[in-house]
Amino acid sequence: MKTKILVLAVLFLFFACGTAPKPRLIQNSFSIEKSFEAVWQAVIETFAELNLPILNMEKASGLVTTDWISFRGQKDETGYCSCGKAPFPYFEVDRTGKFNVYVKKVSDSACEIKVNSIFEKTSAYENSVIKRSCVSTGKLEAEIHKLVTDKLK
């Protein structure tokens, strides 16, 4: 009887193992020495250039939000998010994310943009699906900043 309990406990631990993503400090806020109008236009052009699905866009508040985007195939080491490992025997099906860009007027000739992102990993095994939160690697935020500032040169 003790052997059965021990075997069940080991199997439970084996199947329940998974690792959470490690928290990261990333830069998601950037100062830009240009007018609100110029920065807003550059942000909108960046969204269009990347063919991002805009969910909401409100110039008066300076906010642009995306709908969920698939980042299938990205890896923790090289992608936009780190998700940790799914518990065995689950396998990764998709990574999705959505983000928003907030443009804040600081003065007539300066703005701040802030990129906020949320990522999830979907894993599956047979008829069971689990979703886990992921953490940003900071690459998406840096890429958006670079594309916007390149348009302002």
Among the residues of region 130-153, write down those that are of a type in the set (Val, Ile, Thr) and either part of a strand (DSSP E or B) or under 10 Å from the mean Cα position of the chain (by Cα) (or both).
-> ILE130, VAL135, THR137
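Per-residue answers, yes or no, for (1) among the charged types (D, E, K, R); (2) in contact with an Asp or Glu (Cβ under 7 Å, 6 or more places away or on another chain); (3) surrounded by 17 or more Cβ atoms within 10 Å (Cβ to Cβ):
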{"residue": "ASP76", "(1), (2), (3)": "yes, no, yes"}
{"residue": "TYR80", "(1), (2), (3)": "no, no, yes"}
{"residue": "PRO89", "(1), (2), (3)": "no, no, no"}
{"residue": "LYS98", "(1), (2), (3)": "yes, yes, yes"}
{"residue": "TYR125", "(1), (2), (3)": "no, no, no"}
{"residue": "VAL129", "(1), (2), (3)": "no, no, no"}
{"residue": "SER133", "(1), (2), (3)": "no, yes, no"}
{"residue": "THR137", "(1), (2), (3)": "no, no, yes"}
{"residue": "ALA142", "(1), (2), (3)": "no, no, no"}
Please tell me if THR96 is more than 30 Å from GLU33 (Cβ to Cβ) and assigned to a strand (DSSP E or B).
-> yes
Criterion: under 17 Å from LYS151 (Cβ atoms), assigned to a helix (DSSP H, G or I) and either touching a residue at least 40 places away in the same chain (Cβ under 8 Å) or among the polar types (S, T, N, Q) (or both) - qualifying residue of GLU112, GLU45, GLU37 | GLU45
Restricting the search to region 69-82, which residues are within 10 Å of the chain's Cα centre (by Cα) and not in a strand (DSSP E or B)?
-> PHE71, GLY79, TYR80
Run PHE14 past the list (1) surrounded by 14 or more Cβ atoms within 10 Å (Cβ to Cβ); (2) at pLDDT below 95; (3) hydrophobic (A, V, I, L, M, F, W, C) and report the number of the one that doesn't hold.
-> (1)
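The values are calculated or read from the model by the stated rules, or taken from the named source; none is laboratory data. Remember, it's a predicted structure, so these values are computed and weren't measured experimentally. Please note: Cβ atoms are built from the backbone with ideal geometry, for glycine as well, and neighbour counts cover all protein chains shown.
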